[in-house]
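The values are calculated or read from the model by the stated rules, or taken from the named source; none is laboratory data. Note that the coordinates shown come from a computational prediction; the quantities given were computed from them, not determined experimentally. Positions of Cβ are generated from backbone atoms using ideal geometry, with glycine treated the same way; all protein chains shown enter the neighbour counts. Keep in mind that these areas ignore ligands, DNA and RNA; they rest on the heavy atoms of the full protein, side chains included. Shrake-Rupley method; radii C 1.70, N 1.55, O 1.52, S 1.80 Å.
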Amino acid sequence: VQLVESGGGLVQTGGSLRLSCAASRNIFSIATMAWYRQAPGEERELVASITSDGNIGYADSVKGRFSISRDNAKNTVYLQMNSLKPEDTAVYYCNARYVFTSTTTWGQGTQVTVSS
């Protein structure tokens, strides 16, 4: 499967963006979908995830501000990001981890820049 992210860009502090991750086929029933991010000089970190049965989790740093969702009909996972802060600036990556094999697939990433 291929994952293609979109929706990144430049936004001011307090603004919002919605990232999209389009999968080339529907894998949501057999994979945990997640968003990660990586800032310059930092390790890649988990931001939000949604399991095959719909359980959702968030990093403490984004709780209450970010929301992950999926549209099965469109094979797309979303990350709604509100109240953005400069520390949210990073490349955001979509990830699929297959339930039965634990293998993973990554998207190419999309840049999010929050100006102060």
> What are the residues in the stretch 1-46 that are open to solvent by less than 30 Å² (accessible area, probe 1.4 Å) and among the aromatic types (Phe, Trp, Tyr), if any?
Replying inline: PHE28, TRP35
> Taking the condition over 11 Å from MET33 (Cα atoms), under 10 Å from the mean Cα position of the chain (by Cα) and open to solvent by 10 Å² or more (accessible area, probe 1.4 Å), does SER49 pass?
Replying inline: no
>> So in the stretch 71-88, with the set limited to residues that are part of a strand (DSSP E or B) and polar (S, T, N, Q), which one is farthest from ALA31 (Cα to Cα)?
In response: GLN80
>> Among the listed residues VAL91, VAL114, identify the single one that is outside any loop (DSSP other than H, G, I, E, B) and in contact with a helix residue (DSSP H, G or I) (Cβ under 7 Å, 6 or more places away or on another chain).
In response: VAL114
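Considering only residues of the stretch 58-68 that are small (Gly, Ala, Ser) and farther than 28 Å from ARG25 by Cα, which is surrounded by the most Cβ atoms within 10 Å (Cβ to Cβ)? Working first, answer last.
First, pick out the residues of the stretch 58-68 that are small (Gly, Ala, Ser): 59, 61, 64, 67.
Add one more test, that the residue is farther than 28 Å from ARG25 by Cα, and what stays is 61, 64.
Numbers: SER61: 13, GLY64: 9.
Within the stretch 58-68, the match that is surrounded by the most Cβ atoms within 10 Å (Cβ to Cβ) is SER61.
Please go through the stretch 82-98 and pick out each residue that is over 19 Å from GLN2 (Cβ atoms) and more than 14 Å from the chain's Cα centre (by Cα). Step through it out loud before you land on a result.
Within the stretch 82-98, the subset over 19 Å from GLN2 (Cβ atoms) is 82-90.
Listed by number, the residues that qualify are SER83, LEU84, LYS85, PRO86, GLU87.
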>> I'd like the full set of residues that are assigned to a strand (DSSP E or B) and exposed (fewer than 15 other Cβ atoms within 10 Å of the Cβ), limited to the stretch 94-105.
In response: THR104
> Does any residue in the stretch 13-42 that is at positive phi come within less than 9 Å, Cβ to Cβ, of a residue that is in a loop (DSSP other than H, G, I, E, B) and surrounded by 12 or more Cβ atoms within 10 Å (Cβ to Cβ) six or more places away or on a different chain, and which pairs are these?
Replying inline: GLY14/ASN82; GLY14/SER83; GLY14/LEU84; GLY14/LYS85
>> Condition first: at positive phi and open to solvent by 70 Å² or more (accessible area, probe 1.4 Å). Can you find one or more residues in the stretch 69-90 that meet it?
In response: no
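Kindly state which strands (runs of 3 or more DSSP E) lie completely within the stretch 1-67 and contain at least 3 residues that are farther than 18 Å from TRP106 by Cα and modelled with pLDDT of 95 or more.
Details: elements: 3-6, 9-12, 17-23, 31-38, 45-50, 56-58.
Of the strands (runs of 3 or more DSSP E) lying wholly inside the stretch 1-67, those with at least 3 residues that are farther than 18 Å from TRP106 by Cα and modelled with pLDDT of 95 or more span 9-12, 56-58.
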